[in-house]
Amino acid sequence: MTFPTKYLIAVSFLCSASLFSQQKDSLAIDSLITSEIKTQTYNIFETETITYKKPKFWDLVNKIPNNFIGTATDVVSKEVCPYSLASLGLTLAMLPADPWIIHNSRSFGQDLGLSEDHFYKDLGPLKIIPGNVNSAFYFLGNGMTVVLLSGGMLTYGLIKNDYRSLSTSMQLLESIAVSGLFSQPIKRLTGRESPFITINDGREHSHWKFAPSFKAFQNDTSRYDAMPSGHLMTAMSALTVLTENYPEKKWIKPVGYSLLGLLAFEMMQSEVHWASDYPIAILLGYIIGKNIAKSRIIKNDKNIASKTKKYKVQLTAAQVYEYKTVGLSIKF
């Protein structure tokens, strides 16, 4: 064996040893990192599971910017843009009918014995006990309702060490924050007055004042904050968070959407919101809830893993230098 050949063999051996040694170290490090990430997996359906990483308190704040950007991006994305245009078109189409809808909603509300006024009684330091039926409906879209629901899920999650419940609790709080980040700027830009202001002034259609001053908005909010409905956006985003985290609970959607319908009707019969304030609020609330849930949930479809791969096996022949070879070609 010549010296260069010996040298090459030695170098190859050292390189191989180094390669396998590095691979072993990487595996050890990866295993260590994986073991530090605690997760819980839940069987949702026969073919689907969802996994949650152990929730961290700071995720409540850290994920808000990304979910805000994700929602804004989705609104103009190729998949969602048709729905965005449809909600805008529906808003414009409903504007002429707004006075008629408000008038008939108020008449129907009177027939049901509902009041226009909202008032609440104290529960300790909080004024959260509805004083009448319509106040209870209106409270469904209040941020405090979502906070109370979040608190209940947090308590359950801590007692049972349930990552899904803990994560959902944090998502509900985030839904309030992100909904506010969208509803408030739009309200302050559109400057649409509430129905009771319009009616009290003896008019049928509302006034719009584009981008009122900050002082004017704060001093006389009801003249500028009707579009879109913050209550409905908050309720819709919270409901979407629940349906995304608990898809196997089939009762959540019919019950939740029925309550949203009651909330929407109540705000018209009490002359707080126009019907045309709703389409944009519903769309944004849904997209907000989807983005928040998507950032926390890892979905796994068992069907994908269990599908058998289809291979195509073919006999091949070739010639390498003076040698003839026969082999199998496998395509998949």
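Quick note: the coordinates plus some simple rules give every number you see, no bench work behind them. Treat the numbers as computed from the prediction; the structure is a model and nothing was measured. With ideal geometry, Cβ positions are generated from the backbone for all residues, glycine too; neighbour counts draw on all protein chains shown.
Label-to-label distance, Ile101 versus Tyr42, with points set 7 angstrom from Cα along the beta-carbon direction: 3.4 nm.
The length gained on full extension between Asn62 and Leu85, counted as 0.36 nm times the residue separation minus their Cα-Cα distance, comes to 5.2 nm.
If R0 is taken as 30 Å, the Cβ-Cβ distance between Ile69 and Leu148 corresponds to a FRET efficiency of 0.55. Rounded to the nearest 20 debye, the dipole magnitude of the stretch 88-161 is 320 debye, with +1 charges on Lys and Arg beta carbons, -1 on Asp and Glu beta carbons, and the Cα centre as origin. Dipole magnitude for the stretch 160-268: about 120 debye, using +1 per Lys or Arg Cβ and -1 per Asp or Glu Cβ, origin at the Cα centre. Of the peptides 276-287, 109-120, 145-156, the order by per-residue mean of other Cβ atoms within 10 Å, starting with the highest, comes out as 276-287, 145-156, 109-120.
Taking the empirical scaling 2.2 N^0.38 Å for compact globular proteins as reference, the stretch 151-271 has a Cα radius of gyration ratio of 1.32. Each other residue within a Cβ distance under 14 Å of Gln110 adds +1 if Lys or Arg and -1 if Asp or Glu, for a net charge of -4. Computed on the Cα atoms alone, the convex hull of the stretch 122-207 gives a volume of 140 cubic angstrom per residue. Here the stretch 217-265 was treated as a single set of alpha-carbon atoms; its pair distances binned every 5 Å from 0 give 4, 19, 23, 17, 14, 9, 6, 5, 2, 0 percent. Under a Cβ-Cβ cut-off of 15 Å, what is the net charge of the residues other than His273 that fall near it, where Lys and Arg count +1 and Asp and Glu count -1? Summing Lys and Arg as +1 and Asp and Glu as -1 gives -3.
In plain terms, the residue of Ile159, Ile129, Ile199, Ile176 with the fewest other Cβ atoms within 10 Å comes first and the most crowded comes last, giving Ile159, Ile129, Ile199, Ile176.
In plain terms, the bigger the Kirkwood radius, the slower the diffusion; for the stretch 45-304, with that radius from Cα pairs, at 25 °C and 0.890 mPa s, Stokes-Einstein puts D at 126 µm²/s.
Going from the residue with the fewest nearby Cβ atoms within 10 Å to the one with the most, His205, His231 rank His205, His231. Mind checking which aspartates and glutamates have their C-alpha under 17 Å from Lys209, skipping anything on the same chain fewer than 8 residues away? Result set, ordered by chain and number: Glu193, Asp201, Asp220, Asp225, Asp277. Remark: spin-label model distance Phe119-Leu158 equals 3.6 nm, labels positioned 7 Å along the Cα→Cβ axis.
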